[in-house]
Amino acid sequence: MSGPKVSVYEMSARQRQNLRAQLNCLQQSMVCCEEIKKAVGYLNGLNGQIQSLLSTFNLINQRTGDCSSEISTLNNLQNNIPQECLSFMGQLSSSTPVPQISQIILTDAELGEKKEVLAKLRELRNKVVARQKDIEDALMPMEAKAKQGVSEVETAIAEDIAGVQSFFVLPAETGSEKFEAEKKRIDEQLRVLSLGNDCPANLKGEVLSASKALSRITTKERLNTFQAVTIQPLLNRIDVDRLQVLEQKSELEELQSRYTALCSVAGAQPEVFSTESGALEKIRDKVATLEKQIVMQTEQEYISECVNEVMAEMGYDIIGNRSVTKKSGKRFRNELYSYGDGTAINITYDSDGQIAIELGGIDRADRIPTLDETDVLREDMERLKAKGVLIKSRVAMAPPAAEYATIINISDYNITTASLVKEIATKGTRSKAAAKRILQKEDNR
């Protein structure tokens, strides 16, 4: 081995497929976790509706006495729902995946475990959703009975009042009154749409125009035509837009869950996205970027493990490491292995997936090697090459040469070995011109 060798490592198709499958499992698991939390929160919120129904049935029961079954059911639900929610959250806690790169081991067994976790989460989500539907199905007829009961109670109260005081029958509404009442109803509907957040912003102008046009209508016939030609199509378009907004909101929530999961895996701080126009595209791009970054990070971890295994097999122990980020944003990670007295093998991984390997003399200052040190290092390069220090076939060989001789300043490294790290013993001086040439060469790399 001579000077720096650069190699771009690529995973096998099988390894890459395994990695992407594990990432997909992690993302879907995190999305599933969020869906479970939301469903459990909805279940807890049903207690408000249950309490309202209980109050209504207790009132009805005082007059009719036929609501004991509903009251019993509602009391049971009110007592059981909090316990069920606690149970669901406990099961979620025990199945929540750990979104970390260290948990991504490229084996079929590891992928199988992540698939099992995802299957458990989906089963739990289905249980919560099924329980939610059961309760909604139970409450629906009660809501109808409560409304009917309230109406009957009101009628009974009205009859009681009628029995002790006189009353009169209102005359039937005239056609003109019906027209005005219908016109007022439509106007109120349009006013609510124009003021509320429920109406899509791009249709509020049409709602206001329809409201102005309505004020100029003076006959029932024109009102009927206006409803059929203008109002109903406008309401239909509003419903379609509302549905699209809901679908986009649902997609955005899913993407945000995937994005949060990927940030956790990558160790990045997630951004907060608004619901403004273009947010979906922005978060899609972020998700795609993070997925690519995580694949690269995992590859780097895999490469590092391979290198460590090969170096350990050949008797080279790791003695230090460091991480460097350039102003350009490019990141480098170095691992230093002992080679001989005063020499070390430096392996550099960059954020583009490249590996550079070089042998250098050890010192505690930044400097260039002397002529004597250059000769010693070149000889070490020859011996290292003769030993066949290769990471399989991923590092191209180049002939050992004095120009590749370098000094490694271990003061820049985090030294991890407890053993004494010796400095290179042979020292001399080079001419300033030679030093300048080497420094210029290094700057141009």
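A single entry from 83, 78 fulfils the requirement of being under 19 Å from residue 44 (Cα atoms), touching a helix residue (DSSP H, G or I) at 6+ places or on another chain (Cβ under 7 Å) and either surrounded by fewer than 15 Cβ atoms within 10 Å (Cβ to Cβ) or not hydrophobic (A, V, I, L, M, F, W, C) (or both): 78.
To keep it simple, each residue is scored yes or no on (1) closer than 30 Å to residue 309 by Cβ; (2) modelled with pLDDT under 70.
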site: 391; (1), (2): yes, yes
site: 422; (1), (2): yes, no
site: 426; (1), (2): no, yes
site: 429; (1), (2): no, yes
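Selection of the stretch 340-354 for residues being surrounded by fewer than 22 Cβ atoms within 10 Å (Cβ to Cβ) and of a type outside the set (S, T, N, Q) yields 340, 341, 342, 350, 352, 353. If you go through the stretch 87-102 and keep only what is hydrophobic (A, V, I, L, M, F, W, C) and not in a helix (DSSP H, G or I), you end up with just 98.
Condition test on residue 295, is it closer than 30 Å to residue 264 by Cβ, of a type in the set (Val, Ile, Thr) and in contact (Cβ under 8 Å) with a residue 60 or more places away in the chain?
Values: closer than 30 Å to residue 264 by Cβ: yes; of a type in the set (Val, Ile, Thr): yes; in contact (Cβ under 8 Å) with a residue 60 or more places away in the chain: yes.
Yes.
For first residues located in the stretch 323-349 and on the phi > 0 side of the Ramachandran plot, partners that are assigned to a loop (DSSP other than H, G, I, E, B) and at pLDDT 85 or above and lie 6+ apart or on another chain with Cβ distances below 7 Å form the pairs 342/422; 342/423. A count restricted to the stretch 103-145 and to residues that are part of a helix (DSSP H, G or I), in contact (Cβ under 8 Å) with a residue 60 or more places away in the chain and within 27 Å of the chain's Cα centre (by Cα) stands at 15. Regarding residue 89, is this residue touching a residue at least 12 places away in the same chain (Cβ under 8 Å) and over 29 Å from residue 142 (Cβ atoms)? No. Looking across the stretch 68-93 at every residue that is out of contact with any Leu (no Cβ under 9 Å at 6 or more places or on another chain) and hydrophobic (A, V, I, L, M, F, W, C), the one that is farthest from residue 117 (Cα to Cα) is identified as 86.
The values are calculated or read from the model by the stated rules, or taken from the named source; none is laboratory data. Worth saying up front: this structure is predicted, and the values here are computed from it rather than measured. Note that we place each Cβ from the backbone using ideal geometry, even for glycine, and neighbour counts take in every protein chain shown.
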